[in-house]
Amino acid sequence: MATLNVGNLGEYLREQRRNAQLSLRQLADAAGVSNPYLSQIERGLRKPSADILQQLAKALRISAETLYVQAGILDEKDRDELETRAVILADPSISERQKQVLLQIYESFRKENAAEHTAENADAAAAGSDTDSDAGSDAAPPSH
């Protein structure tokens, strides 16, 4: 898990709050946190829980996963996967069965690609060790 980077999180929250044209007090009220606590988060003095981040995201009308990434709770790659799943599940034009099938296909592609990536890394590592062992093959054989 990534480390918590509250300084960047606070700056990011302040920027999002200003973009939403909310005062510190308005956002604190909307998120159900105290004004001083929100101020401390924005200044990088407090580490909010995932629940608080979710409340802030809802009040700012942004993705909670985005705040989790900013806070170092989620990796960017994890956020992309969660957002893809959320979009599929939220689509009203497909049935629940279709959503489940689509998620299964999506997951099988992710596993297949991860396996290929692992195999490619193993092949590259093996090729690297082969070149190391070939380095001494040009030397003359020892005399007896």
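Being within 25 Å of the chain's Cα centre (by Cα), modelled with pLDDT of 80 or more and farther than 27 Å from Tyr12 by Cβ, is that true of even one residue in the range 120-134? Yes. Within the range 12-28, the set of residues being surrounded by fewer than 18 Cβ atoms within 10 Å (Cβ to Cβ) and under 14 Å from Gln54 (Cα atoms) is empty. When Leu45 is tested against the conditions (1) open to solvent by 50 Å² or more (accessible area, probe 1.4 Å); (2) in a helix (DSSP H, G or I), the lone failure is (2). Checking each residue in the range 30-42 for being touching a helix residue (DSSP H, G or I) at 6+ places or on another chain (Cβ under 8 Å), open to solvent by 20 Å² or more (accessible area, probe 1.4 Å) and of a type outside the set (A, V, I, L, M) picks out Gly32, Ser34, Asn35, Tyr37, Ser39. Among the residues of the range 51-108, those identified as open to solvent by 50 Å² or more (accessible area, probe 1.4 Å), among the hydrophobic types (A, V, I, L, M, F, W, C) and assigned to a helix (DSSP H, G or I) are Leu82, Ala86, Val87, Leu89, Ala90, Val101, Leu102, Ile105.
Taking residues in the range 17-46 that are closer than 20 Å to Gly72 by Cβ, and partners anywhere that are not in a helix (DSSP H, G or I), the pairs with Cβ atoms closer than 6 Å and at least 6 places apart or on different chains are Gln40/Arg46; Ile41/Pro48. Take the range 19-34 and flag every residue that is modelled with pLDDT under 95 and in a helix (DSSP H, G or I). If the condition is that a residue be modelled with pLDDT under 95 and in a helix (DSSP H, G or I), then Asn19 is the only one that fits.
The values are calculated or read from the model by the stated rules, or taken from the named source; none is laboratory data. Here the structure is a predicted model, which is why all the values come from computation and not from measurement. Every residue, glycine as well, gets a Cβ built from its backbone with ideal geometry; the counts of neighbours run over all protein chains shown. What goes into the accessible areas is simple: the full protein's heavy atoms, side chains included, and nothing from ligands, DNA or RNA. Shrake-Rupley method; radii C 1.70, N 1.55, O 1.52, S 1.80 Å.
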